[in-house]
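Engineer: One structure is given below, represented as structure tokens, and several questions about it will come after.
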Amino acid sequence: MKRNRLAARSRSHRSGTSGVRRAFLISAGLVLALPLAVSAQNTPGRVVPVDSLPDVDFPTVFALEPLLVTATRTPRSLFEIAAPTARFEATTLREFAANNVSDMFRQVQGLDVVGVGPSQVRPQIRGQRGQRILLLSDGIRLQNSRRQQDFGEVPAVIDVSSVERVEVVRGPASVLYGSDAIGGVVNILTRSPDQEGTHGDLNYRYGSAGGINKAGGNLNGRYGRFDFKVGGSYRKADPYEAPSGSFGNITLEDPATVNDTGVTDWAIDVMTGFQVADNHRLFAKWEHYDSEDTGFGWVDPALYNPGAPYIEIKYPFQKFDKLTLGYQAEDLNTALMDRFDVTAYGQRNDRELVFDLDLTFSMGPGREGRIETTDVNNTEIETYGFRLEAKKLSFDNLLWTYGVDYFQDRAIGTDVSNTVMTGFGPFPMETTDSTPSLPEATLGSLGAFLQGDYEFGTRGNIIVGARYRRASSKTYETPGLEG
């Protein structure tokens, strides 16, 4: 679509590589000269004519800049994007042995994480987090409206071993993605088959920190117009250990277990694609993630503040499924579009959240009171949506990106709260309440967007865009809630 821009970049790379090539030649010459000199010393009187040396065809070296697509929805060089961005490659994720993509955020200014453990770490961008950060997988939203505003969705639902790269926009991207992207965007881009034949890999990882055992593998292939990919992993991680020392107003005399920071989880993804015609492709993808016994890390208060309340927030299980269908067309060269993409998806997120509180307090000389509360919340959230997007290059330097997106969440939840109080009478007092905390409801959002990207000169871009959004919600009759 941007052949003129890409050609210009290619010429600039060629013009700047002569020095690199000369340096390469000099280095190679030194390497070749060393064995020749040693050979002459070991063989007295032997002379090697210069004309007899073999001709070596040294390749030209090109320095290619990484391209990003999330910030503008078009492959652009990192230095040509006005918004602050960051990019993490699959090789970097493997080198750092990341448990999920959020682990890499600690390496970049303006990025941070919230939470602890291999699965519950969530991204934070310039102080913004939760529902102010849009989490995407291959450009399609992962979030839902029932996640707590402070937390948002966990990136762990996408297996890190299936990730090709991660692109992060450190700032607003609401025109292209909607109001959820007011604080930034995290786009997890997964692998796709790009070579003929069948290829794959198997991997196993053991980490002494946290006692992590993880095994996984990928198999992908391409045969003519047909391509496929299958991947999966299984992981079991023990809780973290906190070292002794002082942490703010908490002091640990000995190392302590950080409870609920371990996890047992597994993931699988299957993708298939078919090239219907030149520059026209259909694809389908299914993803599943399943985790058990993980939560928000905590240290037993008896180790640093005896008498403090015992609080535990834990996910006994979480299951995530997603099905995506898509169509991609390139080089259309019509009056309205050069490229067209349409993606439809459905996802289901089931989880159980348990909140435990144990509080003991004095009620006078020789008397103690105790309150034990356990709240159990089960939530099933189904999300359906689509995104239609088109691009058109006008006048060789004005790129239009426009389209429509829609999603609808439907949430069904149940709550059970059990409280036992002792010390207030001769017998324990126990109450149980099954009133739902929220009604069954749907939330729908329809958006239309238009963005113009005008390029002037070799270093200038003006990007202007607008989005229209209409959101609506509806509650349904819910057992336990009246009115």
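Engineer: List the number of the failed condition for Met363; all other conditions in (1) in a strand (DSSP E or B); (2) open to solvent by less than 50 Å² (accessible area, probe 1.4 Å); (3) farther than 26 Å from Ser161 by Cβ hold.
Structural biologist: Failed condition: (2).
Engineer: Evaluate the following for Pro118: is it part of a strand (DSSP E or B) and not hydrophobic (A, V, I, L, M, F, W, C)?
Structural biologist: Details: part of a strand (DSSP E or B): no; not hydrophobic (A, V, I, L, M, F, W, C): yes.
No.
Engineer: Check off (1) assigned to a loop (DSSP other than H, G, I, E, B); (2) aromatic (Phe, Trp, Tyr); (3) under 32 Å from the mean Cα position of the chain (by Cα) for Phe449 and give me the number that stays unchecked.
Structural biologist: Status for Phe449: all satisfied but (1).
Engineer: Specify which of the listed residues (Asp260, Asp278) is surrounded by 15 or more Cβ atoms within 10 Å (Cβ to Cβ) and of a type outside the set (Phe, Trp, Tyr).
Structural biologist: Exactly one residue qualifies, and that residue is Asp260.
Engineer: I've got another one for you. Could you go through the range 303-313 and let me know if any residue there is open to solvent by 70 Å² or more (accessible area, probe 1.4 Å), in contact with a Lys or Arg (Cβ under 7 Å, 6 or more places away or on another chain) and not in a strand (DSSP E or B). Give the derivation first.
Structural biologist: Filtering the range 303-313 for residues open to solvent by 70 Å² or more (accessible area, probe 1.4 Å) gives 303-306, 310-311.
Right, trim to in contact with a Lys or Arg (Cβ under 7 Å, 6 or more places away or on another chain) and you get none.
The answer is no, given that none of the residues of the range 303-313 is open to solvent by 70 Å² or more (accessible area, probe 1.4 Å), in contact with a Lys or Arg (Cβ under 7 Å, 6 or more places away or on another chain) and not in a strand (DSSP E or B).
Engineer: Let me ask another. Which of the residues that make up the range 270-302 are within 28 Å of Asn377 (Cβ to Cβ) and either assigned to a loop (DSSP other than H, G, I, E, B) or in contact (Cβ under 8 Å) with a residue 40 or more places away in the chain (or both)?
Structural biologist: Taking the range 270-302 and keeping what is within 28 Å of Asn377 (Cβ to Cβ), we get 286-302.
Result: Glu287, Tyr289, Ser291, Thr294, Gly295, Phe296, Gly297, Trp298, Val299, Asp300.
Engineer: Please find, within the range 115-134, the residue that is surrounded by the fewest Cβ atoms within 10 Å (Cβ to Cβ) out of those that are within 14 Å of the chain's Cα centre (by Cα) and under 18 Å from Ile313 (Cα atoms). Break it down stepwise before answering.
Structural biologist: If we filter the range 115-134 for residues that are within 14 Å of the chain's Cα centre (by Cα), which is where we start, we get 118-125, 129-130, 133-134.
If we keep only those that are under 18 Å from Ile313 (Cα atoms) too, we end up with 118-122, 130.
On the way: Pro118: 25, Ser119: 24, Gln120: 24, Val121: 23, Arg122: 23, Gly130: 19.
Here the answer is Gly130.
Engineer: Then there's this: In the set Asn249, Asn305, Asn333, Asn259, which member is at positive phi, out of contact with any helix residue (DSSP H, G or I) (no Cβ under 6 Å at 6 or more places or on another chain) and without any contact (Cβ under 8 Å) to a residue 60 or more places away in the chain?
Structural biologist: Numbers: Asn249 fails: at positive phi; Asn305 fails: at positive phi; Asn259 fails: at positive phi.
Unique residue meeting the criteria: Asn333.
Engineer: Could you please find all residues in the range 174-195 being in contact with a Gly (Cβ under 7 Å, 6 or more places away or on another chain) and open to solvent by 10 Å² or more (accessible area, probe 1.4 Å)?
Structural biologist: Passing the criteria: only Val175.
Engineer: Sort out which residues of the range 143-156 are in contact with a Lys or Arg (Cβ under 8 Å, 6 or more places away or on another chain) and crowded, with 19+ Cβ neighbours inside 10 Å, and write them in order of number.
Structural biologist: Gly152, Glu153, Val154, Pro155
Engineer: Considering only residues of the range 415-430 that are assigned to a strand (DSSP E or B) and open to solvent by less than 80 Å² (accessible area, probe 1.4 Å), which is nearest to Thr379 (Cα to Cα)?
Structural biologist: Taking the range 415-430 as the starting set, the residues that turn out to be assigned to a strand (DSSP E or B) are 415-422, 429-430.
Next cut, open to solvent by less than 80 Å² (accessible area, probe 1.4 Å) only: 415-422.
Details: Asp415: 9, Val416: 12, Ser417: 15, Asn418: 18, Thr419: 21, Val420: 25, Met421: 28, Thr422: 31 Å.
Among them, the one singled out is Asp415.
Engineer: What number of residues in the range 91-110 are touching a strand residue (DSSP E or B) at 6+ places or on another chain (Cβ under 7 Å) and more than 14 Å from Asn187 (Cβ to Cβ)?
Structural biologist: Total meeting the criteria: 5.
Engineer: Whether any residue in the range 230-238 is of a type in the set (Lys, Arg) and open to solvent by less than 20 Å² (accessible area, probe 1.4 Å) is what I want to check. So that I can check it myself, show each step before the final result.
Structural biologist: Quick first cut of the range 230-238, residues of a type in the set (Lys, Arg) only: 235-236.
Retained after the next criterion (residues that are open to solvent by less than 20 Å² (accessible area, probe 1.4 Å)): 235.
Taking every residue of the range 230-238 in turn, at least one turns out to be of a type in the set (Lys, Arg) and open to solvent by less than 20 Å² (accessible area, probe 1.4 Å).
Engineer: Being farther than 12 Å from Ser179 by Cα, in a strand (DSSP E or B) and small (Gly, Ala, Ser) is the filter; apply it to the range 467-483 and report the residue that is least open to solvent (accessible area, probe 1.4 Å).
Structural biologist: Going residue by residue through the range 467-483, those that are farther than 12 Å from Ser179 by Cα are 472-483.
Right, trim to in a strand (DSSP E or B) and you get 472-475.
Those still in the list that are small (Gly, Ala, Ser) too: 472-473.
Working: Ser472: 70, Ser473: 95 Å².
Looking at the filtered set, the residue picked out is Ser472.
Engineer: Can you name the strands (runs of 3 or more DSSP E) wholly within the range 127-213 that have at least 3 residues being under 22 Å from Arg351 (Cβ atoms) and in contact (Cβ under 8 Å) with a residue 24 or more places away in the chain? Reasoning before the result, please.
Structural biologist: Working: elements: 133-137, 163-169, 184-190, 197-207.
The strands (runs of 3 or more DSSP E) meeting that bar are 133-137.
The values are calculated or read from the model by the stated rules, or taken from the named source; none is laboratory data. Computed from a predicted model, the values in this text were never measured in an experiment. Positions of Cβ are backbone-derived with ideal geometry, glycine not excepted, and every protein chain shown enters the neighbour counts. Heavy atoms of the whole protein, side chains included, go into the accessibility calculation; ligands, DNA and RNA do not. Shrake-Rupley method; radii C 1.70, N 1.55, O 1.52, S 1.80 Å.
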